[in-house]
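Engineer: One structure follows; several queries about it will come next.
Since every read-out is calculated from the coordinates, none of them should be taken as a lab result. Quick caveat, the model's predicted, so the values are computed rather than measured. Note that each Cβ is placed from the backbone with ideal geometry, even for glycine, and that neighbours are counted across all protein chains shown.
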Ligand code: ADP
């Protein structure tokens, strides 16, 4: 399936949208993360306005929209990373598997093991490859085994490239390998959800393509929620797309094919065809 969108230079390009032959498309949607009336403020400035969404399990949900519309803020609400920003103030509910993550009895550190995060710039610790992977388990006081390390590195499609250098620094890897190491670190504690904030935008196209292929595999086991400024990427890799627009409003949330081929909201059509950004 194709639709024509425009690159920023105005030239028409073709956007491949995930095809419905994909087995995942036939799975019924089971909500894993839902928000209800979610508002976020930085001091007095509102960044998200009354967001209601139900994100399905074992699918890829892409968050798209112009810069500053609240995509990263939304992502950070899901595993309470906004707690670390003094100016941030959250109202409403973020429900993960039936429990509001903002309830007083939720431990944000434990929550972040269940809802891991991968950032734009690969950020391995200045430690060995092995120690990067085992870090999340050791802070829980868990013993780690060689099998745990292998499983996480295989899960991140990195094992074959690093199996003979596990004691070398993670910082000596290429950018794309470092990002896959960060994904291995996120999956080692066996999370349910992986949040990714523009995980390929600092990588070259080959490394980015490997991460896209990896996301396709990860979603067999995990739920992936990804912020991307790249609409072609959203169309290629996601099952669902949420479009945020200026003012922190969630304007449309639907199957990716519907968003890119037949959006209901004219502002979404204008955005994805490049009429404004
Ligand atoms: P996006 O990810 O869509 O680019 P963000 O979530 O980063 O949007 O930002 C949404 C709004 O919140 C913007 O107006 C931004 O300036 C503001 N904002 C984001 N982070 C902070 C922060 N740490 N302190 C104050 N304002 C912030």
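Engineer: In the stretch 77-100, how many residues are within 19 Å of the chain's Cα centre (by Cα) and assigned to a strand (DSSP E or B)?
Structural biologist: Counting residues in the stretch 77-100 that are within 19 Å of the chain's Cα centre (by Cα) and assigned to a strand (DSSP E or B) gives 3.
Engineer: Among (1) more than 10 Å from the ligand (Cβ to nearest atom); (2) closer than 21 Å to residue 31 by Cα; (3) touching a residue at least 12 places away in the same chain (Cβ under 8 Å); (4) not in a strand (DSSP E or B), which single condition is residue 103 missing?
Structural biologist: With (1) more than 10 Å from the ligand (Cβ to nearest atom); (2) closer than 21 Å to residue 31 by Cα; (3) touching a residue at least 12 places away in the same chain (Cβ under 8 Å); (4) not in a strand (DSSP E or B) applied to residue 103, the lone miss is (3).
Engineer: I need the full set of residues from the stretch 41-76 which are crowded, with 20+ Cβ neighbours inside 10 Å and within 20 Å of residue 220 (Cα to Cα), in order please.
Structural biologist: Within the stretch 41-76, 55, 59, 60, 61, 62, 63 qualify.
Engineer: Take the residues of the stretch 30-40 that are in a strand (DSSP E or B) and away from the ligand (no atom under 13 Å from the Cβ): which is surrounded by the fewest Cβ atoms within 10 Å (Cβ to Cβ)?
Structural biologist: It comes out as 37.
Engineer: Can you name every residue in the stretch 41-76 that is more than 13 Å from the chain's Cα centre (by Cα), touching a residue at least 24 places away in the same chain (Cβ under 8 Å), over 23 Å from residue 269 (Cβ atoms) and within 8 Å of the ligand (Cβ to nearest atom)?
Structural biologist: 42, 43, 47
Engineer: Now, a different point. Let me spell it out: the conditions are (1) within 15 Å of residue 78 (Cβ to Cβ); (2) part of a strand (DSSP E or B), and residue 241 meets all of them except one. Which number is the exception?
Structural biologist: Condition not satisfied by residue 241: (1).
Engineer: Mind checking which pairs have a first residue in the stretch 161-174 that is free of Cβ contacts under 8 Å to residues at least 12 places away in the same chain and a second that is in a loop (DSSP other than H, G, I, E, B) and surrounded by fewer than 14 Cβ atoms within 10 Å (Cβ to Cβ), Cβ under 6 Å, 6 or more apart or different chains?
Structural biologist: As it stands, the answer is none, since no pair meets every condition given.
Engineer: Would a scan of the stretch 121-137 turn up a residue that is within 16 Å of the ligand (Cβ to nearest atom) and surrounded by 14 or more Cβ atoms within 10 Å (Cβ to Cβ)?
Structural biologist: Looking through the stretch 121-137, at least one residue is within 16 Å of the ligand (Cβ to nearest atom) and surrounded by 14 or more Cβ atoms within 10 Å (Cβ to Cβ).
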